[in-house]
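Quick note: the coordinates plus some simple rules give every number you see, no bench work behind them. Because the structure is a prediction, the values reported are computed rather than measured. Please note: Cβ atoms are built from the backbone with ideal geometry, for glycine as well, and neighbour counts cover all protein chains shown.
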Amino acid sequence: MMENQRQSAKHIATEDSLTKKVHERFAQAKKRETKQVRLVQLIILLVFFALWEVAARLKWIDVLLFSYPTKVFKLLWDKLLDGSLLPHVGVTVVETIIGFVLGTLFGTALAVVIWWSPFLSRVLDPYIVVLNSMPKVALGPLFIVGLGPGLLSIIATTLSITVIITTLVVYGSFKEVDQNYVKVVSLFGGTKRTVFQKVILPASFPAIVSTLKVNVGLAWIGVIVGEFLVSQMGLGYLIIYGFQVFNFTLVISTLFVIAIVATFMYQIVSNLEKRLTKHR
């Protein structure tokens, strides 16, 4: 009897060891793949800049319109040294964060309200569709007149983009939850609040978290559009100013800064998504 127990324990230990080795190999393979992806991405970026520089030097493209990397980097470096770039970046980042957070919260809250009341859902459905299809730039002048040419109108423009999309995505995830789970909880006496807390919200959590990544890009779009219309500071203002004075190197430099900062924010949200979904 004791011998059988020892063999059984040894067999279990062997299986655990094999499982651990397989997991380690898998993790190492994923790390190697990630490094390869990053390397290829870097190579593509370097090749793009190299081709851009060569095309400009050989006059294959109009340098007045498209500039070239060394000139763009020099302009950015000069503006960093004289302190004129970071204030614009700071203003736009703050506006984007505010629009991102408020858009996510209001959109999710509206989705919850619509799910809670099927009657309200049927009433609001055509209005949400119309608002989603409406060009947000056309709403900008209304926000400017109603809220004034400042931060509020920029945030309102951002919310007009982020709230509706968030509502549609989150509410769609609510409706896609398996109704059998809802019926089981209801049969055991669960209230609508219990159904939402125990079934709907946990099942929709991945979709809600994924919406954060979508809202990063939407918030940037809303803020830049708002700055186009009213701002005297920010990256959107720099783009408009560059067009006005025909300084297209400034325009491209600003777009380059937007790409860097937006990618950084996207990566933060992506890491947050991984942590939240991992803990669940």
| Across 10 Å bins from 0, what is the distribution of all Cα-Cα pair distances for segment 46-100, in whole percents? | 22, 32, 30, 16, 1
| query | Mind checking the alpha-carbon convex hull of segment 38-131 and giving the volume per residue in Å³? | reply | 204
| query | How about segment 132-215: which chymotrypsin sites (Phe, Trp or Tyr not before Pro) there lie in a loop by DSSP and see at most 11 other Cβ atoms within 10 Å? | reply | 188
| remark: Quick numbers on segment 126-280, Rg and Dmax over C-alpha atoms in Å, give 20.1, 69
| Taking the Cα atoms of segment 96-152 alone, what are Rg (to one decimal) and Dmax (as a whole number) in Å? | 13.9, 38
| query | What do you get for Rg/Rh over segment 190-268 if you use C-alpha atoms and the Kirkwood form of Rh? | reply | 1.28
| remark: Computed from the beta carbon distance with a Förster radius of 35 Å, FRET efficiency for residue 187 and residue 274 to the nearest 0.05 stands at 0.45
| Hey, what do the phi angles of segment 193-202 turn into as Karplus ³J(HN,Hα) couplings, whole Hz, using 6.51/-1.76/1.60 and θ = phi - 60°, x for Gly and Pro? | 5, 5, 4, 5, 6, 9, 10, 5, 5, x
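Before anything else, pin down the relative contact order of segment 182-255: Cα pairs under 8 Å, at least 6 apart, normalised by residue count, whole percent. Could the numbers behind the result be given before it?
Details: 36 pairs, mean separation 10.8, N = 74.
Relative CO of segment 182-255 lands at 15 percent.
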| said: Suppose every Lys and Arg Cβ carries +1 and every Asp and Glu Cβ carries -1, with no other charges. What dipole size does the chain come out with about its Cα centre, to the nearest 20 debye? | reply: 960
| task | Could you list the square roots of 5 times each eigenvalue of the Cα gyration tensor of the chain, that is, the equivalent ellipsoid semi-axes, sorted largest first and rounded to whole Å? | result | 45, 34, 14
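Just to check, using Stokes-Einstein with a Kirkwood Rh over alpha carbon pairs, what's the diffusion coefficient of segment 123-169 at 25 °C and 0.890 mPa s in µm²/s?
220
Got the relative contact order for the chain handy, in percent, Cα pairs under 8 Å and 6 or more residues apart?
Details: 242 pairs, mean separation 64.9, N = 280.
Relative contact order here is 23 percent.
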| said: So if I take the centroid of the Cα atoms in segment 146-161 and the same for segment 23-90, what is the distance between those two points in Å? | reply: 32
